[in-house]
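Comments concern the structure below.
The numbers here are math on the coordinates, done by the rules we state, and not lab data. Because the structure is predicted, anything quoted here is derived from the model rather than measured. All Cβ positions, glycine included, derive from the backbone under ideal geometry; neighbour counts span all protein chains shown.
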Amino acid sequence: MIRILLVAVGVLSCVDPPKPLKKPFKVLLLGDSISIGYTNHVREIMGSQAIVFRPTYRNSGKPENCEGTTKGKDHIDRWLSSEDGAFDIVHFNFGLHDLKRINVETKKGSNNPEDPQQAALAVYIAQLRTITAQLVASGAQLIFATTTPVPDGGVKPHRDPDDVVRYNKAAKTLMGEFGIPVNDLYEFALPQLEDIQHPVNVHFTEDGSRVLAQAVAQAIFMAAGHP
């Protein structure tokens, strides 16, 4: 049996070559504001070869921020049933909201590094496991994207750059258990942060979102069995 190692743009998992999906294939993007930033660019890159969806707020139709696993575990069924469901591929990420610090009384973001993460690492992995199991049950081909880097300098709300490494490492291990390919956007973005990310900000410039979209689109094409 021929096997391939997906290494382009940071896809790490060893998988059997997928049978090419019939075009246009149906894609769901799940993630926080970072994914909102690259969604339209992914659509442009994939063109008529794929129909790319992401959750939207029902009242306004604006892109929905899927936030962290705490929200994700409560809404994954709704997201999977959107647009009549039956997605061929789901590219998903959770982490950036999970590791941000929150005020325990207000539950809002905190700039105090002594405050706890929204979801401690063990909670994050437990909730991510629940979400992933539901994604697997949907029958879609799955791609997990690692959380992009948090720059030094004190982003607000507070996020520790080292937490990103810890959460990504644990998430990769979990994806390995499920046999899910990993699109390592962290490693992809890290060497070029100065060129693609806003200073002291977790968000990316428009050009940076376009660069991330190239990595996401390539991972999706690989999952779909198309070069």
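Annotations
- Scattering from the chain was approximated by placing one identical point on each alpha carbon and applying the Debye formula without solvent; log10 I(q)/I(0) at 0.09 1/Å stands at -0.34.
- Electrostatic bookkeeping for G72 treats Lys and Arg as +1 and Asp and Glu as -1; over the other residues with beta carbon under 13 Å from its beta carbon, the sum is -2.
- Averaging over all projection directions, the Cα-based convex hull of the range 16-123 occupies 9.3 nm² in the image plane.
- Cβ-defined net charge surrounding D160, 15 Å radius [Lys, Arg +1; Asp, Glu -1]: 0
- The alpha-carbon of K108 sits under 23 angstrom from the alpha-carbons of these lysines, leaving out residues fewer than 8 places away in its chain: K62, K71, K73, K100, K156.
- Cut-off of 10 Å, at most 10 other beta carbons, DSSP loop: longest stretch of the chain lacking such trypsin sites (Lys or Arg not before Pro): 109-227
- The simple spin-label model puts a point 7 Å past each Cα toward its Cβ; for S33 and N112 those points are separated by 2.3 nm.
- The charge dipole of the chain, taken about its Cα centre with unit charges on the Cβ of Lys, Arg, Asp and Glu (plus for the first two, minus for the last two), comes to roughly 620 debye.
- Where a label projected 7 Å from the Cα of K156 along Cα→Cβ would reach, residues of the range 92-110 with amide N under 19 Å: 97, 100-110
- Each Cα pair under 8 Å and six or more residues apart adds its separation to the average, and for the chain the resulting relative contact order is 27 percent.
- For K26, the aspartates and glutamates whose Cα falls under 16 Å of its own Cα, not counting residues fewer than eight places away in the same chain, are E44, E83, D84, D88.
- Computed lengthening from K62 to A120, 0.36 nm per intervening residue step minus Cα-Cα distance: 17.9 nm
- Among I180, L128, I196 - extreme Cα towards positive end, dipole of the range 29-223, charges at beta-carbon: L128
- Calculated [222 nm] ellipticity per residue, helices only, for the chain: -12500 deg cm²/dmol; basis is -39500 (n - 2.57) per DSSP H run with n ≥ 4, divided by all residues, nearest 500.
- Cα pair distances in the range 113-215, grouped into 5 Å bins until the bin that holds the longest one, percent each: 2, 11, 20, 21, 18, 16, 9, 2, 0
- Charge tally around D88: other residues with Cβ under 14 Å, Lys/Arg +1 each, Asp/Glu -1 each, net +2.
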